[in-house]
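Structure record follows, encoded as structure tokens.
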Ligand SMILES: [Zn+2]
């Protein structure tokens, strides 16, 4: 992850830390490992990716250093819209592929969720699946997850909505 993005998340209080022991020397020394927030593109542990950086994607809105959490949430929602069009997002609970179309049947409507517990993550979930999500995420720890690289989408066009 880009150092400035990690720093920004830390300032917003969204980074979690775990201690891991180093066994290099005779004395065991605790090393603190930083776990940035994640984006879930589906229900499985290997569906987590690192959050995108607005500046790298040439996002047409605010630059990262001007953003508050609300601005980042907005940016991430745009990012999700593009990911949805690419067919890359599945429900974080049931795993069905989500669509971004007008007049979706009620069973297919979804919502964006921001979880801020031991695990800090953004995800999309069907309205009907929301009530199962808390149970599904119970016990999910950021240090158990190995996030994949962030898929790269072009946001400069989506923000202007041509
Ligand atoms: Zn679902």
At q = 0.16, 0.19, 0.20, 0.25 Å⁻¹, what log₁₀ I(q)/I(0) does a Debye calculation on the Cα points of the stretch 1-94 give, no solvent, two decimals? -0.77, -0.98, -1.04, -1.33
Which ordering of 143, 48 is given by a fewest-first count of other beta-carbon atoms within 10 Å? 143, 48
Over the residues of the stretch 39-144, compute the C-alpha Rg and express it relative to 2.2 N^0.38 Å. 1.08
Once you've got the GNM for the chain with C-alpha springs shorter than 10 Å, pick whichever of 104, 41, 133 has the biggest mean-square fluctuation. 104
Rounded to one decimal in nm, the spacing of the 7 Å Cα→Cβ label points at residue 19 and residue 127 is 4.7 nm
Rounded to 5, percent antiparallel among DSSP beta bridges of the chain: 85 percent
Spin-label pair residue 94/residue 112, simplified geometry with 7 Å Cα→Cβ offset, distance in nm: 2.2 nm
Please order 1, 123, 67 by the number of other Cβ within 10 Å, starting at the fewest. 1, 67, 123
With a 10 Å Cβ neighbour count serving as the proxy for reagent exposure, in which order, fewest first, do 148, 44 appear? 44, 148
Relative to the present Cα-Cα distance, how much length would full extension add between residue 33 and residue 138 at 0.36 nm per residue of separation? 35.7 nm
Let me have the relative contact order for the chain, percent, based on Cα pairs under 8 Å that are six or more residues apart. 27 percent
With everything on Cα atoms, drop me the angle between helix 69-85 and the longest principal axis of the chain, reported from 0 to 90° to the nearest 10. 60 degrees
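The numbers here are math on the coordinates, done by the rules we state, and not lab data. Here the structure is a predicted model, which is why all the values come from computation and not from measurement. Virtual Cβ from ideal backbone geometry, glycine too; neighbours counted across all protein chains shown.
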